[in-house]
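Worksheet: one structure, shown below.
The values are calculated or read from the model by the stated rules, or taken from the named source; none is laboratory data. Here the structure is a predicted model, which is why all the values come from computation and not from measurement. Don't worry about glycine lacking a Cβ; one is built from the backbone with ideal geometry, like all the others, and counts go over all protein chains shown. These accessible areas exclude ligands, DNA and RNA; they are computed on the full protein's heavy atoms, side chains included. Shrake-Rupley method; radii C 1.70, N 1.55, O 1.52, S 1.80 Å.
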Amino acid sequence: MSILEYNGAAIIAMTGKNCVGIACDTRLGAQAQTVSCDFRKVFQFNKSFVGLAGLATDVQTMNNLLTFRKNLYELREEREMTPRVLSNLLSNLLYEKRFGPYFIEPVVAGLDENNEPFLSGMDLIGAPVYTDDFVVSGTATGNMYGMCETLYKKDMEVEELFETLSQALLASVDRDALSGWGATVHIVTKDGVISRELKARMD
Amino acid sequence: MGDSAYSFSLTTFSRTGKLLQIEYALNAVANGRTSLGICAKDGVVIATDKKLSSTLVDTDQVSKVQGITEGSGFVYSGLGPDYRVLGESLLVGFGLGVELVRKARKSSQSYYLQYRENKPVSQLVKSTASVMQEYTQSGGVRPFGVSLLVAGVDADNTPRLYQVDPSGAYFGWKATAIGKNYVNAKNFLEKRYQDDMELEDAIHTALLTLREGFEGEMTNENIEVGVVSNVDGKFRVLTPEQIQDYLDEAN
């Protein structure tokens, strides 16, 4: 049993034309037993979203830590944290625990100060990767990579991005026992965030 | 920092509610060499009198205008009161300024390591001021005998000039002067300052102001000038050649 697979999760983030989308499943399990169907793993920080896949306790802890740091930053600097800065901060926080890590594999998606899309993913000790198409994380990454590689196109508009993201996630989690049981999608544009609950197979 | 035998602060209240150590520190600053700064609409200039009491001193090695981050720099005022007993008081005031520069640079790099973004000048000022305040309330140490003028372009691309005092208080200025003769210098600046001033005018005015209270002839060897423009956001110390060009214009 791998600690990163104990609770189960599936997260995908994708870029579109002047927008980004991020989607997650909402299952919380204790190995085979499903405990909750509304455990969200994606959290909003102004124009950025952080998706946290992995051990649920660390997902919650890291969310709290990031909120703490983001609030202090905004109070001190009197400005919002850009997604790049947030991503770097997260990377630093994870590496600080290099020899006793948080068991999470995060994904950061957002619009930067010029409303340009930003994506990054990292491993549990903070090694970042910056892409311009999509990042995935969780227990169904094999499935998600396959779906994204097939369905993704550059410069999709909001509606098309929503469809692509949703279909990619739903198809991936249906073949994974540990993720699924509901899904949430957020699309970020310069005018705001559109969030939707997906009607998913509850098994 | 502080002998372990001194767990109490050396800066304590007088009966009238003053912290005399801080007042004395401010006196040390007021007796130090003149430094001034002007904030223009497209940049900031800081300058200081680098006059040394002996011609034997190698002026290249003396540097009071120091870059801290890519986009900000300090100048400090506040040497020992007696110019003739130069050696020690020079080192003391100098050493303190240098220490603050060192701490500021480290804290800025630390910020970059965490956030992969340059530390904004307003944040730099807050943390430096915080350090100076600590030395007024910690065991076995005394306040810094220097005031700083900090110049930089902030996160929102506006040029900013700050003064930080030994007490840890900091102030944003459009233009200011510290050290010897600061009263006359500030009056001069008040008359000359305009809100829409451009950087080139500001440098010109800074040199004129410095010359007002200068003992003897002001040359490119005995002053130091630092400039940051919001065009490239980089803090630079002017070379003697560049200073000479401005001096020639002023003449």
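Some points to look at:
- Less than 5 angstrom separates the built amide H of residue A:34 from none of the residues sequence-distant by 5 or more or on a different chain.
- Chymotrypsin sites (Phe, Trp or Tyr not before Pro) lying in DSSP loop within the stretch B:4-50, provided at most 15 other Cβ fall within 10 Å: B:6, B:8
- Under 15 Å, Cβ to Cβ, from residue A:63 - net charge with Lys/Arg +1 and Asp/Glu -1: +2
- Under 16 Å from the Cα of residue B:18 - lysines, other chains or at least 8 residues apart: none
- Per the Kirkwood formula applied to alpha carbons, chain B shows a radius of gyration over Rh ratio, Rg over Rh, of 0.97.
- Of the chymotrypsin sites (Phe, Trp or Tyr not before Pro) in the stretch A:33-120, those whose Cβ has at most 12 other Cβ within 10 Å and which sit in DSSP loop: A:99
- In plain terms, chain B is cut at each of the trypsin sites (Lys or Arg not before Pro) found in a DSSP loop with at most 10 other Cβ atoms within 10 Å, and the longest leftover piece is B:85-251.
- For residue B:174, the aspartates and glutamates whose Cα comes closer than 18 Å to its Cα, not counting residues fewer than 8 places off in the same chain, are B:42, B:154, B:156, B:165, B:190, B:195, B:196, B:198, B:200, B:201.
- Whole-number accessible area per residue in Å² for the protein assembly as shown, which is evaluated in the context of all protein chains at 1.4 Å: 48
- FRET efficiency, residue A:196 to residue A:95 (Cβ-Cβ, R0 25 Å, nearest 0.05): 0.15
- Compared with the dominant Cα axis of chain B, that is its longest principal axis, helix B:199-212 is turned about 70°.
- Under-5 Å amide H pairs with residue B:68, H placed in peptide plane, nonlocal only: B:73, B:74
- Overall, the accessible surface of the protein assembly as shown at a probe of 1.4 angstrom is composed of carbon and sulfur to the extent of 49 percent.
- Over the stretch B:1-63, the pair-distance histogram of Cα-Cα distances with 5 Å bins from zero comes to 4, 11, 12, 13, 14, 13, 14, 13, 6, 1, 0 percent, rounded to whole numbers.
- In this structure, the residue pairs whose Cα-Cα separation is over 32 Å, taken from B:51/B:126; A:70/B:103; A:41/A:97; A:154/B:119; A:47/A:199, are A:154/B:119.
- Set of lysines near residue A:153 by C-alpha distance (under 16 Å), chain-local residues within fewer than 8 positions excluded: A:17
- Computed accessible area, residue A:132, all protein chains, 1.4 angstrom probe, square angstrom: 110
- In order through the stretch B:140-147: 3J(HN,Hα) via Karplus (6.51 cos²θ - 1.76 cosθ + 1.60), integer Hz, x for Gly, Pro: x, 10, 10, x, 5, x, 9, 10
- The share of Cα pairs per 10 Å bin across the protein assembly as shown, counted from zero up to the longest distance, runs 4, 18, 22, 16, 14, 13, 9, 3, 0 percent.
- Estimated from helices alone, the mean residue ellipticity of chain B at 222 nm is -12000 deg cm²/dmol (sum of -39500 (n - 2.57) over DSSP H runs with n ≥ 4, per residue).
- Cα principal axis extents for the stretch B:108-251, largest first, Å: 49, 36, 29
- Each listed q (0.12, 0.13 Å⁻¹) maps to a log10 I(q)/I(0) for chain A from the Debye sum over equal C-alpha point scatterers, namely -0.53, -0.63.
- For GluC sites (Glu not before Pro), the sites in the stretch B:133-238 that DSSP calls loop and that have at most 14 other Cβ atoms within 10 Å are B:198, B:215, B:217, B:221.
- For residue A:112, the residues 5 or more places off, or on other chains, whose built amide H falls under 5 Å of its own are A:118.
- Rounded to 10°, Cα long-axis angle of helix B:86-115 versus longest principal axis of chain B: 90
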